[in-house]
Amino acid sequence: MRNKIFILIGTILAISGCAGLSDAKPFYQAHTQVELISPTKSIKPGEPLLIGLRLKMDPQWHVYWKNPGDSGLSPTIAWDLPEGFIAGEIIWPYPQMINVVPLRTYGYENEVFLFSSIQTPAKIDVSNIVIKARVDWLACKLECVPGRAQLQLHLPVSKQAPVVNPIWQKALDESRKKWPLNLENIHVAAYENKGEVIFEFSPPSVIKPNSQIYFFPESSEVIEHASEQVLAKTEDKHVLTVKKSHLATESLNFISGIVVNQLGWENVDYAQALVVNTHVDVVESPVSGMTTDTQGKSTAGNVSLTLLVACFFAFLGGLILNLMPCVLPVLSLKVLHLIEQSHTRRNLFLNGLVFGAGVLISFWILALGLIALRSLGANIGWGFQFQSPAFVALIAMVLFVFALNLFGLFEVGVGLTALGNAAWGKKGYSASFAAGVLATIVATPCTAPFMGTALSFALSRSSWEAFLIFTFLGIGMAFPVVFLSYFPKLLKRIPKPGAWMLTLKNLLGFSLLLSVIWLIWVFGLQKGINAVAELLIAFLSLSVGLYFYGKSQVKTKQSFLIKYNFFIFIILGIILIMGAISRPSSVVKSIDGQSENNTALAWQEYSPQLMQELKNQDRPIFLDFTAAWCLSCQVNDRLALSDAQVIAAFKTYDIVPVKADWTNNDPMITAALHEYGRNSIPLYVLYPGRGVAPVFLPEVITPGVVLNYFRKHLERN
């Protein structure tokens, strides 16, 4: 709980105080020297720029961390940047505990540097840049004094690599040692039991003997700050027990913060602060009074259960993926192929297994790629390849060609492709494997129910656990086809091949064209309308080329000449596609298009600065992570978030709707997802305000679900 007396005193003094103005020189107020500093002496366009706020306090005075604890206010920075410059959130060094009995606060004494990463535009037309910021802080001893300063920093622009400023570079190097890190070799799980929050750290070797560990929460109403935190060791983990805050009346479903080990973590040179972003499970068995060994065994079972549940969710998510509109046409084509092969049970089952192998191997490749990128420090998520316009155009082209084949414009298996079928004994195994790969590729922009939880768990755990969960995703997706191929009697209930199959093929062709239209829309949001026009002309050229190819499959005297036309139009189509892809981006934010569908909700574009401003205002926030290529997101936006009752509820509860559009690769949004412990979309986060921890909505939402969450978390008693 914040100390109301301190805040009242601070508010009174803030009214009577005045803000100072400093131009790259220290400004002194409220027992604190403040200034903007840069570890480099210049700016290079297009490269990130680190700007630090230096606060040097008088002896025995302190300022606060982002969560001040039982009292106090954290420093804030309101940036005033040139056009094209984007500031990230403050990088907070880990704090120290400051005890004023009976209260405990978190902050900094002596001196602290609060750095922010600022993205610079690729082109800067001026030779000198001015970085401006309004800084507010509260400095305390026993009494508290607020401070405010208008600071600015001049930096020249240079095309050369920035020259290091040795004084502030040393300050940056020292500050980095106190920045919280995500350490892959340390696994953290959290549980809630009878008013306590229990953290488990494994393996035990990561914590050195005689370590003292303390958890600093991001929210002020999660734990009792002044209570003792008890660390115990078992054979296979360390357990940290923390008393839950009496203000947190409901069960915690997510907890975030940092864990500080003053001795440092094993096998890490200097990192003392470990980032914690994890779900909280409720433990029914009693914990208090247990011996250390018993406590370890009880919670160990829950870790195994969590992995088991994640695998089960992954299997269910894989099953449901088959029903997604981006996957169903490909799956239907495979079932159609099974019907054609149903006269031979062995061949039928082998085709099903090969399809399953294509799905499973594709998921394994995805898993290995994601794990490798994560190990290199990249923040990526499920479906990230659809942020590439080249990939979107390629998949649209493949589906368009498949649709033309279903309409009978040309046949597969004639000419050169017949050699491939001959090599496989004319059993179509290559086609089955390719169908499995394609189904997996087109499934990646979809996040089915249960799947987001499994994916988040996978990419926050060890590599082998992530690989296991991706395996169950693949098994779930491949299961229907493999199941049907093993029980051919189920296929025999379907009418024998005949004229109805031609009609079905045409219907599937039209469904593929719907997918193509969706992909072209995504491509348009990424590249602009001119690129879309060029892509459509390319598809027209491809269709003419494939028309001539189909004609060449009928043996006539003109077949040789027709093949020339085929090659000309195909090559022209490929050139046009490459031209469309290489066009400079003319990005149209999907948030704008969605605003047209729903003018009643004034969606604001996500930025760390906006989120911090809204949090400072203590406004309820609804944060929507979405993308044009995410079909689940689009369905939710149109069915749930455009509902009249939901729109009215936004106004009633004064909720600020914020949209994080992930259509294009955006490191800022990727990092934000990572902070929430997620790597897939859709993701809906509700901030109730009043210092209450954020609440996560399900991946699939309805108007009723949204309204229930609003009533439960926003109605004040």
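Matching residues to (1) farther than 25 Å from VAL222 by Cβ; (2) within 31 Å of the chain's Cα centre (by Cα); (3) surrounded by fewer than 19 Cβ atoms within 10 Å (Cβ to Cβ); (4) in contact (Cβ under 8 Å) with a residue 12 or more places away in the chain:
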site: ILE43; (1), (2), (3), (4): yes, yes, no, yes
site: LEU49; (1), (2), (3), (4): yes, yes, no, yes
site: ALA78; (1), (2), (3), (4): yes, yes, yes, yes
site: GLY84; (1), (2), (3), (4): yes, yes, yes, yes
site: PRO95; (1), (2), (3), (4): no, yes, no, yes
site: ALA122; (1), (2), (3), (4): yes, yes, yes, yes
site: ARG134; (1), (2), (3), (4): yes, yes, yes, yes
For TYR191, all conditions in the list (1) at pLDDT below 85; (2) within 27 Å of LEU697 (Cα to Cα); (3) not charged (D, E, K, R) hold save one; what is the number of the exception?
(1)
Can we say PHE539 is at pLDDT below 80 and more than 30 Å from TYR684 (Cβ to Cβ)?
no
Go through the residues of segment 52-66 one by one and say whether even a single one is modelled with pLDDT of 90 or more, buried (at least 23 other Cβ atoms within 10 Å of the Cβ), part of a loop (DSSP other than H, G, I, E, B) and not assigned by TED's automatic domain parsing to the domain that holds ILE258.
no
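Results for (1) at pLDDT below 90; (2) part of a strand (DSSP E or B), shown as yes or no for each residue.
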residue	(1), (2)
ARG134	no, yes
GLN150	no, yes
LYS159	yes, no
PRO162	yes, no
ILE167	yes, no
LEU172	no, no
LEU183	yes, no
ASN210	yes, no
PHE216	no, yes
Neighbours by Cβ (under 9 Å, 6+ apart or cross-chain): first from segment 512-524, under 11 Å from PRO389 (Cβ atoms) and touching a residue at least 12 places away in the same chain (Cβ under 8 Å); second among the hydroxyl-bearing types (Ser, Thr, Tyr) and assigned to a helix (DSSP H, G or I):
VAL522/SER590
Please enumerate the residues belonging to segment 583-616 that are in a loop (DSSP other than H, G, I, E, B) and modelled with pLDDT of 85 or more.
ALA602, TRP603, TYR606, SER607
Has segment 222-243 got any residue that is at pLDDT 85 or above, among the small types (Gly, Ala, Ser) and crowded, with 19+ Cβ neighbours inside 10 Å?
no
Confirm whether PHE625 is under 24 Å from VAL522 (Cα atoms), in the same structural domain as ILE681 (by TED's automatic domain parsing), modelled with pLDDT of 85 or more and not polar (S, T, N, Q).
yes
Restricting attention to segment 645-652, does a residue exist that is buried (at least 17 other Cβ atoms within 10 Å of the Cβ), more than 16 Å from the chain's Cα centre (by Cα) and either in a loop (DSSP other than H, G, I, E, B) or at pLDDT below 80 (or both)?
no
Among LEU114, LEU142, LEU103, LEU172, which is the only one that is in the same structural domain as TRP79 (by TED's automatic domain parsing), surrounded by fewer than 21 Cβ atoms within 10 Å (Cβ to Cβ) and closer than 15 Å to PRO39 by Cα?
LEU172
For segment 262-271, indicate whether the set of residues that are modelled with pLDDT of 80 or more, buried (at least 20 other Cβ atoms within 10 Å of the Cβ) and touching a Lys or Arg at 6+ places or on another chain (Cβ under 9 Å) is non-empty.
no
Consider HIS279 against the criteria (1) modelled with pLDDT under 85; (2) not aliphatic (A, V, I, L, M); (3) not in a strand (DSSP E or B): it satisfies all of them except one. Which criterion is unmet?
(3)
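The values are calculated or read from the model by the stated rules, or taken from the named source; none is laboratory data. Please read these numbers as outputs of a predicted model, since none were measured by experiment. Here Cβ is always computed from backbone atoms with ideal geometry, including for glycine, and neighbour counts include all displayed protein chains.
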